[in-house]
Structures are given as structure tokens and as C-alpha cells.
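The values are calculated or read from the model by the stated rules, or taken from the named source; none is laboratory data. Just so it is clear, the model here is predicted, and its values are computed rather than measured. Methodologically, a virtual Cβ is constructed for each residue, glycine included, from the backbone with ideal geometry; neighbour enumeration extends over all protein chains shown.
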Amino acid sequence: MTRTSTFFLAIAAAVLLLAPLRLHAEAQPLPPDASVKRALLIGINKYKGVPKLQGSLNDIATMKQILITRWGFDERHITLLTDEAATRAGMLAALEQFVRESGPDDTVYFHYSGHGSQVQDTNGDEKDDGLDETLVPQDGRTGDVRDITDDELDALFARLRSKTAMIVLDSCHSGTATRSLDIRTRSIPKDTRTDLYRNAEAAVPKTRAVVPVVTSRYVVMTGAASHQEALDGPVDGRYHGFFTYALSKSLSSSPADASPSEILRGVERELKRIQNHFGRTSMPEPQLEAPPDLLDKTLLAPRTGAQSTGGLSSRVAWLGAKVGESGKVTLINGSLLGAIPGSLWGLYPPGETRFAAGQALAVATVIQVTGKDALAKLHTAGAIIPDGARAIALMPAPTGEKVAVHILHAPNDQRKQIEETLAKHVPNVELVGAGQSPRFLIDAQKTSIRLLTADGLQVVGTFAADFDWATAFAQVMSRSSHVSELLTLDNPASQLNVTVRVANLAPAHPATTRGIAVVAGDVRAGQYRIRRPGQPRGAENSLQLEITANADSYVTIVDVDSEGGINVLFPNNYQNQSFYPEGRISGGKTVLIPDTLDTGNRAGFYWDYSPPKGTDTIRVFSSTDLETAQIIRERIRALQATSSQTRGGISTRTVSGELGKLRESLASIAARGIITVYDPQSHVPTQQTASDLTPAESPSGFTQPDMIQAQSSSPASAGPHAPSADWSATSVTIIVSD
């Protein structure tokens, strides 16, 4: 068994060991065949003896909301252990109790957000590197308090009866340090107090031999490989572990029968969005460990034949909504699901669980956040929103026109010169201090100036101090703004799932060790070289994409090039008429665009890379109706025309304006299923959702995806209504070199 897998399994132990401590006395007796969904969520920001973190408590608060509203966990069976309560003694006690209370048919979820580390192996079971992985408790590294080792967790884990568990670790053990005040790694150097562990090991009975028997039952996910950094920082207005944030988005909308592999793919998609936002060329690779036969099996749905004690699960995670005055509504605990100013939300009837596309009662935009709650303004004046309504996320907030930059330590005279140069040549820059969240860092050296990613771990570019570096900075920042704005065109509530990958990038295959499959999340960028005149066309210099959608749909492929230009790559004017007309592809089938790089392909075009070198971001939109696809294409082509006239000089204001109009159009789709009818009894117009009506065939002639029809509390009314449109988007990053 690999060192990593042993650690995670150990944690799984924890996972499965964690039961609700505080509500144990209130729990009602359960039927003997009951299936309980249990969770233990541990988050530590305020460490006693090591550097603090910022996002761990937000991580577990968000996961709790998702487990309850999306997956039907009962709050009585969710235990939160935070900060001062998450001492070594507190964590071990929670695990012990969870082991005792978990039944064989229970579904268990364990989440740890905090520091990880390592210590020298004292019992000889770590053959690879001689180190045990550890979790660092809140009082770790003080006095004689030891970290919690994988061996200790293994011993607990071996006694667990539950057969179904998901263990999540957002920590790392590489010890990498960032240069950012806002983005931090979740690791500390290894513990050198070996004697503490050796003496404790001597007093613990050896239980290692039983571990291989137990490990065949569990799924473990972690935020990074053992040699990579798990990051903690600001994302969409709130501090989180980047991995947990991506996982929360995946779990919020994964189908009820989602497998570990499907959940991991959702994590990959969101990490790519974060990667592009922060200008990174790579991200830590999330890791999935499980027996091979569990990789594609349902994970969090109720066990067949068992009586579940939890609540009803929903298609997506949701927030409670409270109607206010003057067309305003409060989204209760809105910050837990990313309800920040500018984000769009759909309002649905009380008790709604299916949240069908196009059938929202109304759409609202968040205008203010107070504490955990968010205040939103309804788009339609006079919309009837009943008490107890539920809200789901429709679209993230726009990024705005400014790019925040923080200058690292520099002499006053050099700092002043940098600030003046940026103000003169980079119109969309915003200089921020240590208490704010930058997108880039500037590192001033004696003879050079470097532009770094927000965490300081990757160099975006290095320029001679006496060179016209501001022009290069302006180009990078402009491109970053354009990409970030395009990435906010996202639909987390979509039932249409589209995946895209670079065709020549070999897929990640699981490696199996002693019956445990280890799969790394595929967040790699495609690597290409510029195709020079006379060079043969091939996979190294001509792009080919592999696209799959879960339903018949219209695909639109958009590129933000290395100079910030925005272009519609597909459909285009060069393609053969028979090659996916209007961009239509069939659901469930993987298509190649273009179909081949050989001469005389069926597509009628190629995507060859030409100068300059740099990074391209490709955004793939998919919609169930042609009208939505045409709206997307028209807006992007308007930007493309502007970009071609001012090569590389398209303004951030122009991009924000045009994409803002596209946001409005896409937002209207969420409530497109609403119709107004006349109620002769009350003489008051009432609203009705399309779910009350008989769906008609799609005008396009394509089979609509398996949309789930919502149950409406509105008065019944007769009349035909077509299925509402749905759309989705995903991205890939391309690095082009000489």
C-alpha cells in the first residue's frame, strides 16, 4: 500500500469515526434496519502553536449546508469540530464516538480542513520515504502534544462497521511556503520530536495487519498529491481551501447517483476556473483513492433496501429565502453558497427539490451581504414569492473592470516609480494593500521586475527593469480580466453536463497498488508549439478538442488568446456544411473538433497555433436550444470584431459591457418557463411554471436532456408549453511556446 493511500485510509477511519457528539443525547431511537447519513466536519483556523489559516471554518460551514440541502443529511447527525474544540484529545474523542455509533448500513462523510505535516516513521511501515503523514490538531506542536498520525487513525478505522464512506482531506504535507498574505499553504514542516512518537508507539498495540481488510470499502479524496501544496485563499469573495471550494461546487450539483469519478471531474472543472482567475498555469492535482470497483459506483445516495432517516435530497444545494419589502429578498446563510454582490439566484416554491431549468418564480441579484445573509433584488417588479421559498445559484458575480495588484517589498523610490508607471500605462490596474486580495503580485528585483500569481508560487513573466515592462504587464492583466469575466458566464444549476479535453493529452489512468486505485485529477494544461511555415501539422502545433455532452445540444467554442483577444472558434465560416451544422452534437457521444489533423479532414478547417506565444483559455458553451447558442455567439462575435480592429487593445470596459449584456440574456432563461394566467376567482394574476404543463417536442428536432420537472404550488392551468432551455460551460487552458 502506498504511503499516501495508507494515510488517507487512516483518515477515512476518522471519517467513519466521526459522529455527532453534541446531539447524541437528543437522538431518537432508530429502527434496527435504519440507514443513517453521518458526518464529522473538522476545521481549524486558529492554531495555538503554528501559523493560522483563513478558510477552514468556511469550508466546513459550506459543506454542512450542502450535505443537508443537497444530500439529505439530518443536522442532528452532523458534528462540527472547530478551532479550540479540535484539539488532539477532542479529535480523537470524536473519532471514538463515531466508531461506536456508526452502523453497517450508514453512509459516512468526513472532512478535514487544516494543516497537515509529517513525522519520522517509528514502526517501519512506511517503506517509501520513512515518514508518517499527520493531521495537525489545534494544540499541535505545543508542549508534548503530538500530531495525529496515520497509524493512530488506522487503529480506529479498523473498528468501523460502516460499509460506505467518503473521506476528504484539504491539507498537504509538502511544507511549501507562499509569498502571499492572502493565499497560504495548508502544511507545516515535519515534527522533529521523534521521541514523543516513538514512546507513544511502544504503548500502542500493533493493529496494522487488519488494515488491508478494512480498506476495501472506502473512498478518499485529498486536495493535492503528497509533493504538492494545498492552497487556502480568497475565492469568489470568501476564504476557502481551493480544493474544498471546488468540491463544494461539484457536490452541490452532482446527480444523485454520482460516482467518485464523476465527483472528481466536477472538482477538476472548478479548479480550472480558479486556475484561470488567478493566472496560474497549473494547479495542485486532487487525488482520489478507492478500490477500483468503487470508482464508478454511487457514493452518497441511500443504500438500497435500507430505511433512511435523513431528509429529502434535492437536485442542487439551496438556500432559504425570506421575502422583504420593495422587491427585495434575503437569502439566509447566503455566503455559505457564494451569494456575493452581483451573483444571480433563482427563486423557487417552498419545498421544491427538483429545481427544473427555466421554471424559477423569479431571478434576483445579490446587492449586499450582512454577516452570513445576503440581500438580493428581484429582476421582475411585483413577482410573487411565497414565504419559505428556496433559492439556487444561477451565475457567479462578474469580476469587474479592475485587476488588483499588490507590490511586494521594495524600496520607497522604486515602489513609487512602479506605481507611477502602472497608473500611466495600465488603465485597469488597482493597487491594493496587505489587507486586500490581489490577483497578481509584483516582485521588484535590482535589475528586473517579476509578475507573480496571487500565491507567489508561479512566475507569470520576468522583465528587465529598464525595459518597457508596463506594456507587457498591461497585456497580461488585460487578458486575465477578459478570461475571468468570461468564466463568470457559468450555470451551476444546469442539468446539461459538458466535458472538454485536449485530444492529444493522454487521460489520467488510475494506478493500482494492493487493490487501491489512485487517480489524479486532470487539471493539466495542453502544451503546444507555434506552427512555422512549412512545418508538418501535428498534435504538437494544431489544436484538437474532445467534447462530450450528456444531452443533444449546440456547442459554441470561444478562445481568449495570449493578447486578450476574444474569438469564436466554432462554429465558423470555414467548416463544411455537413460537419455538425450549427454546432449540434448528439448527447452521450464523444466528438472530435476538428475530426482529424490529416489533410482533407471532414471538418474543413484546422486550428494551427501562430505567434505570439503565451497562454490561451478556451471556453466551451453548450445549450439545449439554438436560440441560446445564437445569443452567445452574437455577443462574442461583437467582441471579436472589436478585438480585430484594435489587436490586443480591446478594453476591459468593452468586454465587461458586452459580457454583461450576455449575462442578462442568459439570466432571463432561468425564468423563461413562467407564464401569467388570469384567475377568475380572485381577479389576481398568478404565476405558473412549465412543470404544470405538458412538454412539447423541441423545435430543433433534438431530444431534450432528461430534465426533471419541478412540482409547482401554483394553481393549475391548461395550455401547451415547450421545455425550457438549459446551458452549461467548461474550460481548458493551452500553453503555447516557440
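Structural remarks
- Within region 255-264, tally of residues that are touching a residue at least 60 places away in the same chain (Cβ under 8 Å) and among the polar types (S, T, N, Q): 1
- Exclusive hit being of a type in the set (Ser, Thr, Tyr) and over 28 Å from Val50 (Cβ atoms), set Thr107, Thr79, Thr142, Thr149: Thr107
- Here Ala13 meets the list (1) more than 29 Å from Glu352 (Cα to Cα); (2) at pLDDT 95 or above almost entirely, failing just condition (2).
- Subset of region 313-342 (residues that are assigned to a loop (DSSP other than H, G, I, E, B), more than 22 Å from Leu247 (Cα to Cα) and among the aliphatic types (A, V, I, L, M)): none
- Take the conditions (1) assigned to a loop (DSSP other than H, G, I, E, B); (2) closer than 30 Å to Val476 by Cβ; (3) at pLDDT 85 or above; His227 misses just one of them, which is (3).
- Tally, over region 115-135, of residues that are modelled with pLDDT of 85 or more and farther than 24 Å from Met63 by Cβ: 3
- For the residues Ala202, Ala246, the requirement of being among the aliphatic types (A, V, I, L, M) and either at pLDDT below 85 or surrounded by fewer than 24 Cβ atoms within 10 Å (Cβ to Cβ) (or both) singles out Ala202.
- When residues of region 61-97 are limited to those that are of a type in the set (Gly, Ala, Ser) and within 24 Å of the chain's Cα centre (by Cα), the one nearest to Tyr239 (Cα to Cα): Ala61
- Of the residues making up region 572-581, those that are more than 23 Å from Ala539 (Cβ to Cβ) and either surrounded by 13 or more Cβ atoms within 10 Å (Cβ to Cβ) or more than 34 Å from the chain's Cα centre (by Cα) (or both) number 3.
- Hits in region 33-60 - residues which are touching a strand residue (DSSP E or B) at 6+ places or on another chain (Cβ under 6 Å) and among the basic types (Lys, Arg): Lys37, Arg38
- Residue check for Ala246: in a loop (DSSP other than H, G, I, E, B), hydrophobic (A, V, I, L, M, F, W, C) and in contact (Cβ under 8 Å) with a residue 12 or more places away in the chain: no
- Residue satisfying all of: in region 361-399; polar (S, T, N, Q) and within 27 Å of the chain's Cα centre (by Cα); surrounded by the most Cβ atoms within 10 Å (Cβ to Cβ) among these: Thr399
- Of all residues making up region 601-629, the number that are over 31 Å from the mean Cα position of the chain (by Cα) and within 30 Å of Glu664 (Cβ to Cβ): 0
- Matching residues, region 96-114, being in contact with an Asp or Glu (Cβ under 9 Å, 6 or more places away or on another chain) and either modelled with pLDDT of 90 or more or hydrophobic (A, V, I, L, M, F, W, C) (or both): His111, Tyr112, Ser113, Gly114
- Qualifying strands (runs of 3 or more DSSP E) (wholly inside region 457-521; at least 2 residues being over 30 Å from Pro255 (Cβ atoms), touching a Phe, Trp or Tyr at 6+ places or on another chain (Cβ under 9 Å) and modelled with pLDDT of 80 or more): 459-464
- Complete set of residues in region 425-461 that are farther than 30 Å from Gly55 by Cα and either out of contact with any helix residue (DSSP H, G or I) (no Cβ under 7 Å at 6 or more places or on another chain) or in the same structural domain as His240 (by TED's automatic domain parsing) (or both): Pro427, Gln445, Lys446, Thr447, Ser448
- Among the residues of region 62-92, the ones that are within 23 Å of Ser35 (Cα to Cα) and among the small types (Gly, Ala, Ser) come to 1 in all.
- Selection from region 444-460 of residues that are surrounded by fewer than 17 Cβ atoms within 10 Å (Cβ to Cβ) and within 30 Å of the chain's Cα centre (by Cα): Gln458, Val459
- Qualifying positions in region 292-310 - modelled with pLDDT of 75 or more and not in a loop (DSSP other than H, G, I, E, B): Pro292, Asp293, Leu294
- For region 361-373, the count of residues that are of a type in the set (Asp, Glu) and out of contact with any Gly (no Cβ under 6 Å at 6 or more places or on another chain) is zero.
- Identity of the residue in region 591-638, part of a loop (DSSP other than H, G, I, E, B) and among the charged types (D, E, K, R), that ends up surrounded by the most Cβ atoms within 10 Å (Cβ to Cβ): Asp625
- The residues of region 379-398 that are aliphatic (A, V, I, L, M) and either part of a loop (DSSP other than H, G, I, E, B) or farther than 21 Å from Leu336 by Cβ (or both), listed by number, are Ala381, Ala383, Ile384, Ile385, Ala389, Ala397.
- When the residues of region 348-378 are filtered to those that are in a strand (DSSP E or B) and β-branched (Val, Ile, Thr), the one that is nearest to Leu496 (Cα to Cα) is Val363.
- Gly565 under 27 Å from Leu639 (Cα atoms), at pLDDT below 95 and not assigned by TED's automatic domain parsing to the domain that holds Gln287: yes
- Candidates are the residues of region 315-334 that are surrounded by fewer than 22 Cβ atoms within 10 Å (Cβ to Cβ) and of a type in the set (Gly, Ala, Ser); the one that is modelled with the highest pLDDT is Gly320.
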